[in-house]
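Okay, structure first, notes after.
The values are calculated or read from the model by the stated rules, or taken from the named source; none is laboratory data. Worth saying up front: this structure is predicted, and the values here are computed from it rather than measured. Here the Cβ positions follow ideal geometry from the backbone for every residue, glycine too, while neighbour counts run over all protein chains shown. Heads up: the accessible areas ignore ligands, DNA and RNA and are worked out on the full protein's heavy atoms, side chains in. Shrake-Rupley method; radii C 1.70, N 1.55, O 1.52, S 1.80 Å.
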Amino acid sequence: MSLLPSPSAPTGCNYTCKLYFDPRADQSDTGGYWITDDQLRQKLANLIDTEERIQNASVYSNPLSSWQATNALLYHAFIVMETNDWWWSIEKNTEGITIQRSKNLESVRDMYQRKKRTTGWTPLTKIRKNETTAGGNITIEELINYIWRKDCLNNVYHLLEANCQIFAAMVFDRIKSPYNDQVYFDKAADQPRSSANSCYMNVDQVFSEVQRLSTSETFTKIELHKVPMDSLNIPDYFTQNAVVSDLVGNTVMTSAFAIFVGLDPVAIPVLLAGTYLARLLMYSHYFVIFETNKGTYWSFEQVLSFSNNHDIGYLVSIHRATNKDILLNKHQQTPRNPLFTSEHLFAKANAEQKDMIKVLEFIWKKDYLDAPNDSGNSTLALTTDLAQILYNKFKDESIAPV
C-alpha cells in the first residue's frame with residue numbers, strides 16, 4: 001500500500017475525515033480542494049451549481065489489485081452520476097471521500113485524483129458498470145446535504161462496517177429511491193398559498209431552502225408556547241406524542257367494557273366519542289418560536305400526520321413569517337383549534353446567537369429525528385417533545401429574559 005492510499009486499498013489507517021473535490025478533473029492546469037465536515041455544505045455551494053439535478057447514476061467497480069484474475073469478490077465500488085452539464089464521481093476509501101467533476105465521462109470513470117484507476121490483466125478485471133438508475137429525485141446539493149447529515153466524513157473507514165461498497169450502496173439508494181416528505185416547511189406563512197402540498201419536502205430540501213433564506217439571520221429571542229385543548233391547567237406531562245397510544249388503548253378498553261356489560265352495539269360509537277373528547281381535553285401541544293435579528297419569526301413543532309405525502313406518522317412542521325401573530329394563531333394555513341386557549345406563552349428567554357441551520361443540524365445531523373419508515377422504530381416520537389427540547393437547547397441562560 002502506498003503512502004497515499006488509493007481507492008484500491010482494502011485497509012488503511014490514513015483516514016483524514018476530509019473530502020477531496022476536483023471541480024475540473026478533465027483539465028491538467030487545475031487542482032482540487034480538501035474540505036472538512038464543517039466546511040462541506042457551504043464551501044461546495046460556493047464551488048458548484050447546487051441546483052443541478054442528477055439525471056442518472058451508475059455503480060462501477062474495479063479490482064483492488066492489478067494481480068487479480070477477477071473482481072467478482074474483491075473490488076472497489078464508486079458512483080458515477082450525470083447531470084445536464086457534467087459527469088461526476090463520488091467514492092470513499094481509506095483516505096477519505098472524493099468527488100470529481102468533468103465534462104467527459106472518462107475523466108471520472110477511468111481516473112481517480114488524476115491517476116488511472118487500477119485494472120487487472122484479464123477481461124474480468126476491467127472497470128465494470130454494475131447497476132444504473134434514472135435520477136430526477138435529487139439535486140447535487142441535496143445529495144451533499146444527505147452525505148453531511150449522515151456524518152459520512154467522520155465515519156472512519158472500516159474494512160467491514162464502513163467501506164467503499166457500503167458507502168456506494170448508500171449513495172446509490174438515495175439517488176434511486178424517492179425520499180419521503182418528512183417536513184412541512186412554509187417559508188412565507190403570512191402569505192396566501194393555493195395549496196399546502198407544495199410545503200411538504202424532505203429533510204435535504206429543507207436544508208437547501210433554509211440556507212438560502214436565512215444566511216444573515218441569527219436568533220435574538222425564543223418563546224415556548226403551550227396550547228392546551230381547553231383553559232384548564234393541565235399537567236405538562238400530557239403531550240401530543242402520547243395521544244395516539246393512549247387513544248388506541250382507550251378504544252380497546254372502552255369497547256371491551258361495553259361488550260362486557262351488554263351495551264347495545266349501536267351505542268358503542270357514542271361512548272367512544274365521549275371518552276375520546278374527554279381524553280383529548282387532557283392533552284397539551286407545544287411549539288417554539290424563534291425571533292431573529294432581521295425581524296423574522298420561525299416556528300417549530302412536531303405533529304401527528306396522516307398525510308399521503310409520507311409514511312412516518314410524525315413530521316416536523318416549520319413556519320417562517322414576518323408577523324408573529326400568524327404563527328401563534330395558524331398552523332399550515334389553518335386556524336388552530338378553536339378550543340385552544342388564547343394564553344399561549346409558556347416560557348421565554350433570550351436565544352443563543354446562532355442561525356437556523358444550527359437548529360436543523362441539532363435535529364437531523366445525527367439522525368436524531370430521521371427515523372426510517374418503520375412504525376416500530378422512531379427516535380423522538382412517543383418519548384419527548386421537540387419544541388421543549390429546542391427551547392432548552394437554544395435559550396441563552398447567561399442573559400435574563402427581556
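Among the conditions (1) of a type in the set (S, T, Y); (2) modelled with pLDDT of 90 or more; (3) surrounded by fewer than 20 Cβ atoms within 10 Å (Cβ to Cβ), T251 misses just one, which is (2).
Of the numbered criteria (1) in contact with a strand residue (DSSP E or B) (Cβ under 6 Å, 6 or more places away or on another chain); (2) modelled with pLDDT of 90 or more; (3) surrounded by 16 or more Cβ atoms within 10 Å (Cβ to Cβ), the one Q182 fails is (2). Filtered by the rule that a residue be closer than 21 Å to T220 by Cα and without any contact (Cβ under 8 Å) to a residue 12 or more places away in the chain, segment 315-331 gives a lone residue, D325.
Looking at segment 1-35 only, could you name the residues that are modelled with pLDDT of 90 or more and among the hydroxyl-bearing types (S, T, Y)? Within segment 1-35, Y15, T16, Y20, Y33 meet the criteria.
Note on segment 281-298: residues that are touching a His at 6+ places or on another chain (Cβ under 9 Å), at pLDDT below 95 and either part of a loop (DSSP other than H, G, I, E, B) or farther than 9 Å from A387 by Cβ (or both) amount to 0. Among the residues of segment 133-156, those that are closer than 20 Å to T98 by Cα and open to solvent by 40 Å² or more (accessible area, probe 1.4 Å) comprise K150, N154, N155, V156. Flag: R101 does not match the condition of being closer than 12 Å to S61 by Cα, at pLDDT 95 or above and either touching a strand residue (DSSP E or B) at 6+ places or on another chain (Cβ under 7 Å) or open to solvent by 10 Å² or more (accessible area, probe 1.4 Å) (or both). When the test is whether a residue is closer than 23 Å to Q27 by Cα, of a type in the set (V, I, T) and in contact (Cβ under 8 Å) with a residue 12 or more places away in the chain, V108 passes it. The listed residues are N84, N71, N104, and the only one of them that is closer than 15 Å to D22 by Cα and part of a loop (DSSP other than H, G, I, E, B) turns out to be N104. For segment 157-171, the set of residues classified as in contact (Cβ under 8 Å) with a residue 60 or more places away in the chain and either open to solvent by 50 Å² or more (accessible area, probe 1.4 Å) or part of a loop (DSSP other than H, G, I, E, B) (or both) consists of Y157, L159, N163, Q165, listed by residue number.
Within segment 355-377, the set of residues being at pLDDT below 55 and under 14 Å from the mean Cα position of the chain (by Cα) comprises D367, Y368, L369, D370, A371, P372, N373.
So that you can scan it fast, the table gives a plain yes or no per residue for (1) within 21 Å of the chain's Cα centre (by Cα); (2) at pLDDT 85 or above; (3) open to solvent by 60 Å² or more (accessible area, probe 1.4 Å):
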residue: D37; (1), (2), (3): yes, yes, no
residue: L47; (1), (2), (3): no, yes, no
residue: W67; (1), (2), (3): no, yes, yes
residue: L74; (1), (2), (3): no, yes, yes
